[in-house]
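Here's the structure we're looking at; comments come further down.
The values are calculated or read from the model by the stated rules, or taken from the named source; none is laboratory data. Since the structure is predicted, the reported quantities are computational estimates derived from the model, not experimental observations. Virtual Cβ from ideal backbone geometry, glycine too; neighbours counted across all protein chains shown. What goes into the accessible areas is simple: the full protein's heavy atoms, side chains included, and nothing from ligands, DNA or RNA. Shrake-Rupley method; radii C 1.70, N 1.55, O 1.52, S 1.80 Å.
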Amino acid sequence: MRTVTTAYRATRSRGGTAMRIGIIGAGNIGGNLTRRLTALGHEVHVANSRGPHTLTALAEETGATPVPVSEVARGARIVVVTIPLKAVPDLPAAGLFDGAAEGFAVIDTGNYYPRERDGRIAAIEDEGLTESRWTERHLGHPVIKAFNGTYAQDILDRHRPAGDPERIALPVAGDDEQAKKAVRELIDELGFDTVDAGGIDDSWRQQPDTPVYGLRGGVEAVERALAEASPERPESFRG
């Protein structure tokens, strides 16, 4: 059953609670999440595959702390993995989440683009794993799928307070209900509504080329788009 959250948590100046958030990947989504989350008063540690020295400009702009990938989860209550799908197996096989806060949540923003970027992944195409289930198995920790169909610039430009008729809703899928709750609350704080899109095995409903992917709509529009999705992977998204 899909549920909706619309309560708005404001910035630190209005009594919110800051947390440490780790972000793996500093591309369009990772960079703009770093900008918004630091603006909201959170302590953000950010890492990429090229090393902390390549993140100096982002750190100076936002106040985020560049760290090696092996340290990004330390003390974090939420870790965002926002890298190309083909790069997920290159993450450390052990110790990636060492030192994370108890009960931490992992957000997966990834998408499978077999022809443009990732190459063919047999477990996804032949075994029928959803993209996030495949990612989850590599990470060795449950993930919450979110932001995968969000335009990066919208993170900066389209956040709105609760009740605003132009407020966008994002689908959020995952099996760990407590982690999903934490992620939905964070997205709410960022200025977006959320729709519970089910478990990770249901997350095909928000993969590329589904009705909800890239949709700039409210709660009802997102619910409708999720319901209209087909489990058949389109030919253009097969390797």
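Just a few scattered comments:
- Ala18 vs. criteria open to solvent by 10 Å² or more (accessible area, probe 1.4 Å) and either at pLDDT 95 or above or more than 30 Å from Ala227 (Cβ to Cβ) (or both): yes
- If you go through segment 125-142 and pick out every residue that is farther than 20 Å from Ala93 by Cβ and without any contact (Cβ under 8 Å) to a residue 40 or more places away in the chain, you end up with 3.
- Scanning segment 56-105 for residues that are surrounded by fewer than 17 Cβ atoms within 10 Å (Cβ to Cβ), outside any helix (DSSP H, G or I) and of a type in the set (D, E, K, R) gives Arg74, Asp98, Glu102.
- As a summary of the residue check, Ala169 satisfies the conditions (1) more than 19 Å from Gly110 (Cβ to Cβ); (2) out of contact with any Phe, Trp or Tyr (no Cβ under 8 Å at 6 or more places or on another chain); (3) of a type in the set (A, V, I, L, M, F, W, C) except for the one numbered (2).
- Val44 being closer than 23 Å to Gln153 by Cα, touching a helix residue (DSSP H, G or I) at 6+ places or on another chain (Cβ under 6 Å) and not aromatic (Phe, Trp, Tyr): yes
- Among (1) over 20 Å from Leu33 (Cβ atoms); (2) of a type in the set (Phe, Trp, Tyr); (3) free of Cβ contacts under 8 Å to residues at least 40 places away in the same chain - the single one Trp204 does not satisfy: (3)
- For Pro161, the criteria (1) in contact (Cβ under 8 Å) with a residue 40 or more places away in the chain; (2) buried (at least 17 other Cβ atoms within 10 Å of the Cβ); (3) more than 23 Å from Arg20 (Cβ to Cβ); (4) out of contact with any Pro (no Cβ under 9 Å at 6 or more places or on another chain) hold in every case but one, which is (2).
- Residue ID - most open to solvent (accessible area, probe 1.4 Å), chosen from residues in segment 170-188 that are over 14 Å from the mean Cα position of the chain (by Cα) and touching a residue at least 40 places away in the same chain (Cβ under 8 Å): Gln178
- Selection from segment 117-158 of residues that are over 17 Å from the mean Cα position of the chain (by Cα), open to solvent by 30 Å² or more (accessible area, probe 1.4 Å) and at negative phi: Arg117, Arg120, Ala122, Glu125, Asp126, Glu127, Asp157
- Residue in segment 190-213 that is of a type in the set (Lys, Arg) and under 21 Å from Met19 (Cα atoms) present: no
- Which listed residue is under 28 Å from Leu40 (Cα atoms) and touching a helix residue (DSSP H, G or I) at 6+ places or on another chain (Cβ under 9 Å), from Pro211, Pro171: Pro171
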